[in-house]
Amino acid sequence: MRPIAALLVSLTLFMSAPAFAQQEWTEFVSREDGFKLDFPGQPKVQETTFTSEYNYRLPARMYTAERGRERYSMTVVDYNGIEKMGEERVKGCPPGAEPCHGSNNTGAGYWKMDIGGAIVYATWTFLQRDVKLTHLMWNFMDLVEAQQLQLTSNADKSRTFVHISMHMHKLYMLEGTVPAGYPEPGLFQQSMGYVDKDGNGIRYQYVYNDRFPPPPLTGGGRGGAGARGAGAGAAGARGGGAGR
C-alpha cells in the first residue's frame, strides 16, 4: 500500500503545483519586430510609444510575461521613420537655428544623432531608476553589438538583467527581473536572437554595428525558423553571452 500512497501524494502535489511552475520556456518569434526570445509562456503584446533623446515620439511594442514573482519584457522601438520626422521638424525651425536644423553629420533635426546614440540613451534611462548599477559592459548577442547592465533595486533588492541593442534601426530593450535570492535571469537574456521577415535566424560573419552597412551573412543564425519551439539557454553569469 505504501507505493500506492506515495503515488497518490505525488499526483496531488503535481496537480496543486503553482501555475508558474508549469510554465515552460518556449522560443517566441516575432517576424514583425525581427527577433526571437525565450519566454515563460506566451507574452502579452502592447502597442506604445517611446520618446527618444531628441524628443521624437517613436512607435514601439512591448512583449511581457510573468512567472510567479519573476517579470520578463522586451521593448522594441522603431527608429526607421525618424529621418522623415526630422525633415518635418525642420520646416518649423527659425532660419539658421543649427540645434534644430542640424548638419550633414547630425541630420535634419538631429535624427542621425538620435539613432547613433540610441543604445547610450536607453542605458541612461535605466540608470534613472531607483537602482544600484552592479555591472555594465559592451557585449554582443548573435553577433549584434549591445550594452548589458545588471541592476539591483534599492527598494526590494530584486535583480534586473538588461540587454540593449540596435538592429536595422530598431532598438531592443530586454529586461528580466527576479526577487532577491532568486537565480539570475540569464536564460532569458542569452536566448536573444534576430530573424528576417520570414522568421529565419540571422547570423553575420562578424559583429554588426547599426551605424555601418550590415556584415555578410553566414547562414541561419541559431535556427528558429518561423515557428515556436522548445526554449534553450544556459544560466547567465556576469559578462556571459559573448561569442554567440
**Report entry** Flag for Ala237 being at pLDDT below 95 and either surrounded by fewer than 19 Cβ atoms within 10 Å (Cβ to Cβ) or assigned to a strand (DSSP E or B) (or both)
**Finding:** yes
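Considering Gly117, Gly181, Gly109, which residue is within 23 Å of Gly86 (Cβ to Cβ) and open to solvent by 10 Å² or more (accessible area, probe 1.4 Å)? Break it down stepwise before answering.
Details: Gly181 fails: within 23 Å of Gly86 (Cβ to Cβ); Gly109 fails: open to solvent by 10 Å² or more (accessible area, probe 1.4 Å).
Answer to the check: Gly117.
Looking at His167, is it open to solvent by less than 40 Å² (accessible area, probe 1.4 Å) and touching a residue at least 60 places away in the same chain (Cβ under 8 Å)?
Taking the combined requirement at face value, the residue satisfies it.
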Query raised in the report: Restricting to strands (runs of 3 or more DSSP E) lying wholly in the stretch 113-186: which have 1 or more residues that are touching a Pro at 6+ places or on another chain (Cβ under 8 Å)?
Result: 159-167, 170-178
Query raised in the report: Is it the case that Ala155 is closer than 25 Å to Thr48 by Cα and at pLDDT 95 or above?
Result: no
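The values are calculated or read from the model by the stated rules, or taken from the named source; none is laboratory data. Everything numeric in this text was worked out from a predicted model, so none of it was measured. Methodologically, a virtual Cβ is constructed for each residue, glycine included, from the backbone with ideal geometry; neighbour enumeration extends over all protein chains shown. Heavy atoms of the whole protein, side chains included, go into the accessibility calculation; ligands, DNA and RNA do not. Shrake-Rupley method; radii C 1.70, N 1.55, O 1.52, S 1.80 Å.
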